[in-house]
Amino acid sequence: MDYPNDQAPGAPIRSGIPEHGRIPKYYAVKARIAVLLDELGEGGLLPTERELAQLHEVSRETVR
């Protein structure tokens, strides 16, 4: 039987972090954007995709 998210009923809910424990790069980018949003406040401008990609050493697709 298929279950949503490939988890059987009663199975612990996974947080989305792989079992090997490494945080995906897009999580770090997402966390940084959240911090920037708090710091910049309403009307503040976020860095461009290109700037965020360079800052985190990831592709622009990862930033998107």
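None of the figures in this text is laboratory data; all of them are computed from the coordinates on show. In this text, all values refer to a predicted model and were calculated from it rather than measured experimentally. So basically every Cβ, Gly included, is an ideal-geometry build from the backbone, and we count neighbours across all protein chains shown.
Tabulated data
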read-out	value
Qualifying residues in the range 22-52 (those that are charged (D, E, K, R) and within 13 Å of the chain's Cα centre (by Cα)) - the one farthest from VAL63 (Cα to Cα)	ARG22
Leading residue by the ranking (nearest to ALA28 (Cα to Cα)) among those in the range 48-64 that are surrounded by 12 or more Cβ atoms within 10 Å (Cβ to Cβ), of a type outside the set (S, T, N, Q) and in contact with a helix residue (DSSP H, G or I) (Cβ under 7 Å, 6 or more places away or on another chain)	HIS56
